[in-house]
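What follows is one structure encoded as structure tokens, with my remarks underneath.
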Amino acid sequence: MTKVNKKNITDTHSSYNGHLVSYACNDTESIGRRFSETHPTYRNECQRDRDRIIHCAAFRRLEYKTQVFVNHEGDLFRTRLTHSLEVAQIARSISRELGLHEDLTEAIALAHDLGHTPFGHAGQTALNSCMKAFGGFEHNIQSLRVVDKLEQKYADFDGLNLSFETREGILKHCAIANAKKLGDVGQRFVNKTQASLEAQLTDYSDEIAYNNHDIDDGIRYGLISIDDLLKIQLFSEQYDTVNKQYPGLDDKKLVHEIIRRMINVMVVDLIDTSRENIANANLKSIDDVRNQKQRLMAFSGNMNKKKLELKQFLRKELYQHYRVHRMTKKAADVIDALFNAFIEDLKILPTEAAEHCQQLKDKHGDIGIARGIADYIAGMTDRYAIVEFERIFNPRQLSFVNLHP
Ligand code: MG
């Protein structure tokens, strides 16, 4: 483990009231924060991180950002906010069962999608291609950028000044070239070491959450059907169980009963397999976790096979469904048009965004301008991006009143 600046947490008192195993992330032994702070009263350091995340503007904007379906398509679909809450719920259950730091997993889960663009993965792909000549755009790195730099409301520092352990968990994956620029938190990708078990399990909780809620949303939207899903083992096994116990159940209850069991079997498999890996690794400390050659949190081989089958099904039948594709294409066009309009004429940027671009230009030249525009676009909600597009491109809005936000 690379030595990082440990100037940070002065008091070693922890108010974590669960049982922590010796190889958990113990907040009293945190690698620390980037800027020194005194210990909070009646909270541990991870609770403070979680609370800062919940109170930040980027977290509130998750409510109006697409998970798979754009935000205005229906009130019942998952948004990035409800997705993040589901991830936190799953992650906390796993963390508690394994004696890991539940507050830390919750903080990581709630922050893990803060850097997502409007319009889900379509938005990210479009922004990444706009940023190709300027270092690219990656939502994971952007999430870290949000908590390290872009949230600006504290008197003593930019960002939220989160602890290393939360930041480590937010940066789930990273190309080595980018990792080298990220300092302490990118080091593990260069050294090929591992993140904490809390970070690892939150990453899997993300996967468990979206695989299952995408089935639910996909059925509700009429893009996939129960009959289609019966070809998928993970689904059909739980269908058989539910059908035996409750024959003739209506579809709404049937789907819910199946999905809650699917989440459960995945969580149980992850806990059982990981517990076995942890026992075999004979861990004594968090350093032992980080020095492993591979992740100790893992699904069984059998579950990985079933999961792959489900993911392939969802990719083909749901994410590439023509109706989803029409929406994502349009969304990508909005991002592309906004980026190009701003880069061609910085004068149309709102004052705060223009100042942000200017500051980055002073430091990094033209690359800085592009990064500032990407920050502005990535921070937009779906509806804000659509309104901004209308303001700029719709000639019917050719009045100062309409052009003014
Ligand atoms: Mg996610």
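Name the residue that is farthest from the ligand (Cβ to nearest atom), counting only residues in the stretch 130-160 that are assigned to a helix (DSSP H, G or I) and among the charged types (D, E, K, R).
Lys132
Across the stretch 30-72, what is the total count of residues that are within 23 Å of Glu198 (Cα to Cα), polar (S, T, N, Q) and touching a strand residue (DSSP E or B) at 6+ places or on another chain (Cβ under 9 Å)?
Qualifying residue count, the stretch 30-72: 1.
Quick one: which helices (runs of 4 or more DSSP H) sit completely within the stretch 161-232 and have at least 2 residues that are hydroxyl-bearing (Ser, Thr, Tyr) and surrounded by 21 or more Cβ atoms within 10 Å (Cβ to Cβ)?
197-220
Could you please find all residues in the stretch 103-129 being surrounded by 24 or more Cβ atoms within 10 Å (Cβ to Cβ), in a helix (DSSP H, G or I) and not small (Gly, Ala, Ser)?
Asp103, Leu104, Thr105, Glu106, Ile108, Leu110, Leu127
Only one of (1) exposed (fewer than 15 other Cβ atoms within 10 Å of the Cβ); (2) over 26 Å from the mean Cα position of the chain (by Cα); (3) among the aliphatic types (A, V, I, L, M) is not met by Val268, so which one is it?
Tallying (1) exposed (fewer than 15 other Cβ atoms within 10 Å of the Cβ); (2) over 26 Å from the mean Cα position of the chain (by Cα); (3) among the aliphatic types (A, V, I, L, M), Val268 fails exactly one: (2).
In this structure, does Lys311 turn out to be of a type in the set (D, E, K, R) and part of a helix (DSSP H, G or I)?
The answer is yes for Lys311.
Might you let me know whether the stretch 151-159 holds any residue that is on the phi < 0 side of the Ramachandran plot, touching a residue at least 60 places away in the same chain (Cβ under 8 Å) and of a type in the set (A, V, I, L, M)?
No, the stretch 151-159 contains no residue that is on the phi < 0 side of the Ramachandran plot, touching a residue at least 60 places away in the same chain (Cβ under 8 Å) and of a type in the set (A, V, I, L, M).
Pairs under 9 Å by beta carbon, first residue closer than 11 Å to Phe134 by Cβ in the stretch 355-370, partner of a type in the set (Val, Ile, Thr) and part of a helix (DSSP H, G or I), six or more apart or different chains?
Partner pairs satisfying both residue conditions: Leu360/Ile367; Leu360/Ile369; Ile369/Ile343; Ala370/Ile343.
Sort out which residues of the stretch 90-102 are away from the ligand (no atom under 13 Å from the Cβ) and either crowded, with 24+ Cβ neighbours inside 10 Å or in contact (Cβ under 8 Å) with a residue 24 or more places away in the chain (or both), and write them in order of number.
Of everything in the stretch 90-102, those that are away from the ligand (no atom under 13 Å from the Cβ) and either crowded, with 24+ Cβ neighbours inside 10 Å or in contact (Cβ under 8 Å) with a residue 24 or more places away in the chain (or both) turn out to be Ser93, Ile94, Ser95, Arg96, Glu97, Leu98, Gly99, Leu100, His101, Glu102.
For Gln187, indicate whether it is in contact (Cβ under 8 Å) with a residue 12 or more places away in the chain, more than 16 Å from the ligand (Cβ to nearest atom) and touching a Ser or Thr at 6+ places or on another chain (Cβ under 7 Å).
Spelling it out, Gln187 is indeed in contact (Cβ under 8 Å) with a residue 12 or more places away in the chain, more than 16 Å from the ligand (Cβ to nearest atom) and touching a Ser or Thr at 6+ places or on another chain (Cβ under 7 Å).
When residues of the stretch 20-43 are filtered for being of a type in the set (A, V, I, L, M) and surrounded by fewer than 20 Cβ atoms within 10 Å (Cβ to Cβ), how many remain?
2
Restrict the check to the stretch 137-151 and report whether at least one residue is surrounded by fewer than 17 Cβ atoms within 10 Å (Cβ to Cβ) and at pLDDT 95 or above.
Checked against the condition, which is being surrounded by fewer than 17 Cβ atoms within 10 Å (Cβ to Cβ) and at pLDDT 95 or above, the stretch 137-151 yields at least one hit.
Would a scan of the stretch 270-293 turn up a residue that is of a type outside the set (Val, Ile, Thr), under 27 Å from Arg61 (Cα atoms) and out of contact with any Ser or Thr (no Cβ under 6 Å at 6 or more places or on another chain)?
No: the stretch 270-293 contains no residue that is of a type outside the set (Val, Ile, Thr), under 27 Å from Arg61 (Cα atoms) and out of contact with any Ser or Thr (no Cβ under 6 Å at 6 or more places or on another chain).
Name the residue that is nearest to Val324 (Cα to Cα), counting only residues in the stretch 44-85 that are surrounded by fewer than 20 Cβ atoms within 10 Å (Cβ to Cβ), modelled with pLDDT of 85 or more and acidic (Asp, Glu).
Top of the filtered list is Glu63.
Filter the stretch 24-70 for residues that are in a loop (DSSP other than H, G, I, E, B) and within 16 Å of the ligand (Cβ to nearest atom) and give the result.
The answer is Lys65, Gln67, Val68, Phe69.
Does the stretch 345-362 include one or more residues that are part of a helix (DSSP H, G or I), within 30 Å of Asn212 (Cβ to Cβ) and among the polar types (S, T, N, Q)?
no
Where residues in the stretch 196-240 are of a type in the set (Gly, Ala, Ser), over 12 Å from Val255 (Cα atoms) and more than 16 Å from the ligand (Cβ to nearest atom), which of them is nearest to the chain's Cα centre (by Cα)?
Ser196
The values are calculated or read from the model by the stated rules, or taken from the named source; none is laboratory data. Since the model is a prediction, treat every value here as computed from it, not as a measurement. Heads up, the Cβs are rebuilt from the backbone with ideal geometry, glycines too, and the neighbour counts pull from every protein chain shown.
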